[in-house]
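Worksheet: the structure to be examined is printed underneath.
The values are calculated or read from the model by the stated rules, or taken from the named source; none is laboratory data. Owing to the predicted nature of the structure, the values given are computational and were not obtained by experimental measurement. Glycine also receives a Cβ, built like all others from the backbone with ideal geometry; neighbour counts cover every protein chain displayed. Note: areas computed on protein heavy atoms with side chains; ligands, DNA, RNA excluded. Shrake-Rupley method; radii C 1.70, N 1.55, O 1.52, S 1.80 Å.
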Amino acid sequence: MARRERERSLPPVTGRAARARLDQPMVPRRSPLPEYDPEAFGRLSERIARFLGTGRFIVWMTFTIILWVIWNTTAPQHLRFDEYPFIFLTLALSLQASYAAPLILLAQNRQDDRDRVNLEQDRKQNERSIADTEYLTREVAALRMGLGEVATRDWIRSELQDLLKELEQRGAVEPSPDRDR
């Protein structure tokens, strides 16, 4: 009961304090600017840059310019839309170039980012390979050292033959006729 009375006596929560709750997601504000997906725009710019770097683009651009110039020099006067200094053609080419350059740079930046990520992954893979190689080298060295202390079949055979000779010399055993093999 006392808790309810305290809550009623407090001023209502409004403004900034209402949004400061950590257990509630913030309501996103609407931006007056148009929203776009930077990844989709980047992919589109890469496709355009790839097309601008092809021979097909050069052929189409050359064909369009030749057709433009021929039309505006040989067509009847009332059908021409860009007279001799071809100012509209110059404007169109400048506009195309002003959009092509940033799109190409954007595509190059995205490629640089991919190359940087691939280089970092390759570097990490090389570090792991070097560490694995060093580990295996230490293991092989340890095995070689361990094998140096292991008795081999030939060594045991020679030791047993030496013991047998010694026992024969003492007379503890009779010499075997097929021992000389």
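Specify which labelled value, from (i) 0.96; (ii) 2.76; (iii) 1.18, agrees with Cα Rg over 2.2 N^0.38 Å derived from the coordinates of the model shown.
(ii)
Taking the Cα centre of the chain as origin and charging only Cβ (+1 Lys, Arg; -1 Asp, Glu), how large is the dipole, in debye to the nearest 20?
Details: 28 positive and 27 negative charges, 346 e Å.
In debye, rounded to 20, the chain gives about 1660.
Loop-only check: which GluC sites (Glu not before Pro) in region 19-85 are DSSP coil with at most 16 other Cβ within 10 angstrom? Don't skip to the answer; put the middle values down first.
Details: sites: GLU35, GLU39, GLU46, GLU83; in loops: GLU35, GLU83.
Within region 19-85, the qualifying GluC sites (Glu not before Pro) (loop, at most 16 other Cβ atoms within 10 Å) are GLU35, GLU83.
With a probe of 1.4 Å, find how much accessible area the chain has per residue, and write the answer as a whole number in Å². Don't skip to the end; give the middle numbers.
On the way: 16700 Å² over 181 residues.
Per residue, the chain has an accessible area of 92 Å².
Could you work out the helix-only [θ] at 222 nm for the chain, with each DSSP H run of four or more residues adding -39,500 (n - 2.57) and the total divided by the number of residues, to the nearest 500 deg cm²/dmol?
-24500 deg cm²/dmol
Over the chain, what percent of the accessible surface lies on carbon and sulfur atoms, probe 1.4 Å? Before the final figure, lay out the partial values.
Numbers: 10140 of 16700 Å².
Summing carbon and sulfur atoms, their accessible area is 61 percent of the total for the chain.
Residues with beta-carbon under 11 Å from that of ARG43, excluding ARG43: net charge, scoring Lys, Arg +1 and Asp, Glu -1? Walk me through the numbers before you get to the answer.
Working: positive: ARG47, ARG50, ARG110; negative: ASP37, GLU39, GLU46.
In short, 0.
Note down the relative contact order for region 12-141 as a percent, whole number, built from C-alpha pairs under 8 angstrom at least six residues apart. Don't skip to the answer; put the middle values down first.
Working: 36 pairs, mean separation 36.0, N = 130.
It comes to 28 percent, rounded to a whole number.
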